[in-house]
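Novice: My questions will all concern the structure given below.
The values are calculated or read from the model by the stated rules, or taken from the named source; none is laboratory data. Just so you know, these numbers come straight off a predicted model, no measurement behind them. Backbone-built Cβ (ideal geometry, glycine too); neighbour counts: all protein chains shown.
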DNA sequence: CTACCTATGGGCGAATCGGC
DNA sequence: GCCGATTCGCCCATAGGTAG
């Protein structure tokens, strides 16, 4: 990460406002964390200077902030931002309330009440919607080290049939302590933290900021509901990516119009720090707000899945067979075996069953010792018309193993083994084969030869 | 020099079975 | 009854993806 000063220089030069910065700063070779002290000091220095400049430009009363009668410029008020002051200091707060019947994609926020009961499968305790605290940060970078500052902290919660979104924003690092003091009081009222990859990102960053600002490391110890991994369990292979924005679009029916990508948030904030124009931050507020609404939708989705029934009520049955199977496997892992079985049954009745879905189901049956069903699934798999491109001969190999070792039917085993061999021989001609591919080919030949030998000996002993 | 979780692959011993 | 081959289960190391 480059230092703030470098970034701001770059920003200034790229916005083209200052003629003396026509020469672009090279951005390579400066990816080193700036130590905290210099980072913060640089930040404070530059920013306070710029802020006062701006203040005196608007109404000429520089001392209003200190007197506590500070008025926010119209540009802030236009996006619903208000000044928030406590004993520690001042920061900005934007609050948006949604009514229970607000529709966000395919889900309605009111579903949270019912769905949150299902979320107890995560930690084994009964969960009420009013105990969930949704958190999403916009920060100056991706690191979780001390150099990364959450300049916007979005929280959302369910309260009295309303979904309330609060977004705290700091105009410069000096406002962070006041924001954290406010958040500390808010957070500790909740038992559950809801995030997307917040286990690795949002929460460690918050924790670091609390520690660094002298609030200690024990401000809050919630039970964590991080939906990244459940999302991956269910949607890997059926979605090209499991980023929240993609899951949202493909599975939650949410369409973002003119969304500011999260990756742009740091730049927009630096730009604001440099020129004190808050307008571009409107997009960041909006982005952060939708992230939290989507997190609520995800909570609804997984809550319904764990507590209710897929295909009934508000929760649609997945369309892709592999998604149905993976959903079942995840439910099984979460201790919902009966619900899983129902999904597996649905999957098996599907017409367009895919190879992967069949193999997943078969592998599960094999592990459980359910050979009858596993064999049926492998047999379905080898009947599938093979798709162009990647081939998967594992069903043939599994069947070859089953016929050789369980049934001692070497002739049938040989047929499957040779089909696998044929498949391996006909496909990998594109490009050089890897060591692994060569090893697999050698293994297939060995299997075929071994089976031929067994057949030969059996016939020989029979004949004589 | 992110950190976390999950899936994947390799390695190794146990268990099984056929061949001799 | 022993030996070698094969498969399976378990453990550990590694890779990939996501957060702004």
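Novice: Do we find that residue A:124 is in the same structural domain as residue A:287 (by TED's automatic domain parsing), surrounded by fewer than 17 Cβ atoms within 10 Å (Cβ to Cβ), away from DNA strand C (no atom under 16 Å from the Cβ) and modelled with pLDDT of 95 or more in this structure?
Specialist: Answer is no for this residue.
Novice: To continue, here is another question. Using the structure shown, decide if residue A:193 is at pLDDT 95 or above, buried (at least 20 other Cβ atoms within 10 Å of the Cβ) and closer than 24 Å to residue A:280 by Cα.
Specialist: In short, no.
Novice: Being within 20 Å of the chain's Cα centre (by Cα), buried (at least 18 other Cβ atoms within 10 Å of the Cβ), in the same structural domain as residue A:107 (by TED's automatic domain parsing) and away from DNA strand B (no atom under 16 Å from the Cβ) is the requirement here; does residue A:295 meet it?
Specialist: It is true that residue A:295 is within 20 Å of the chain's Cα centre (by Cα), buried (at least 18 other Cβ atoms within 10 Å of the Cβ), in the same structural domain as residue A:107 (by TED's automatic domain parsing) and away from DNA strand B (no atom under 16 Å from the Cβ).
Novice: Report yes if some residue within region A:348-366 is surrounded by fewer than 19 Cβ atoms within 10 Å (Cβ to Cβ), in a helix (DSSP H, G or I) and outside the structural domain of residue A:327 (by TED's automatic domain parsing); otherwise report no.
Specialist: no
Novice: Grab the helices (runs of 4 or more DSSP H) fully contained in region A:196-282, keeping just those with 2 or more residues being over 21 Å from the mean Cα position of the chain (by Cα).
Specialist: Hits in region A:196-282: A:202-212, A:265-275.
Novice: Looking at region A:390-406 only, could you name the residues that are in a loop (DSSP other than H, G, I, E, B) and within 12 Å of DNA strand B (Cβ to nearest atom)?
Specialist: The one that is in a loop (DSSP other than H, G, I, E, B) and within 12 Å of DNA strand B (Cβ to nearest atom): A:392.
Novice: Residues in region A:142-159 that are within 12 Å of DNA strand C (Cβ to nearest atom) and within 21 Å of residue A:286 (Cα to Cα): how many?
Specialist: Within region A:142-159, residues that are within 12 Å of DNA strand C (Cβ to nearest atom) and within 21 Å of residue A:286 (Cα to Cα) number 7.
Novice: Further question on the same structure: Is it the case that some residue within region A:176-184 is in a loop (DSSP other than H, G, I, E, B) and modelled with pLDDT of 95 or more?
Specialist: Looking through region A:176-184, none of the residues is in a loop (DSSP other than H, G, I, E, B) and modelled with pLDDT of 95 or more.
Novice: Let me ask another. Can you tell me which of (1) surrounded by 14 or more Cβ atoms within 10 Å (Cβ to Cβ); (2) modelled with pLDDT under 95 is the one residue A:416 doesn't meet?
Specialist: Result: residue A:416 passes all but (2).
Novice: If the Cβ limit is 6 Å and pairs must be 6+ apart or interchain, which residue in region A:143-163 that is within 16 Å of residue A:294 (Cα to Cα) pairs with which residue that is at pLDDT 95 or above and assigned to a loop (DSSP other than H, G, I, E, B)?
Specialist: A:163/A:109
Novice: Please work out if residue A:364 is more than 24 Å from residue A:456 (Cβ to Cβ) and over 36 Å from the mean Cα position of the chain (by Cα).
Specialist: When the stated conditions are applied, residue A:364 does not pass them.
Novice: If you go through region A:140-160 one residue at a time, do you hit one that is in a helix (DSSP H, G or I), within 16 Å of DNA strand B (Cβ to nearest atom) and surrounded by fewer than 19 Cβ atoms within 10 Å (Cβ to Cβ)?
Specialist: No - not one qualifying residue is present in region A:140-160.
Novice: For region A:108-118, check the following and say yes or no: at least one residue is on the phi < 0 side of the Ramachandran plot, in a loop (DSSP other than H, G, I, E, B), at pLDDT 95 or above and surrounded by 15 or more Cβ atoms within 10 Å (Cβ to Cβ).
Specialist: Checking region A:108-118: at least one residue is on the phi < 0 side of the Ramachandran plot, in a loop (DSSP other than H, G, I, E, B), at pLDDT 95 or above and surrounded by 15 or more Cβ atoms within 10 Å (Cβ to Cβ).
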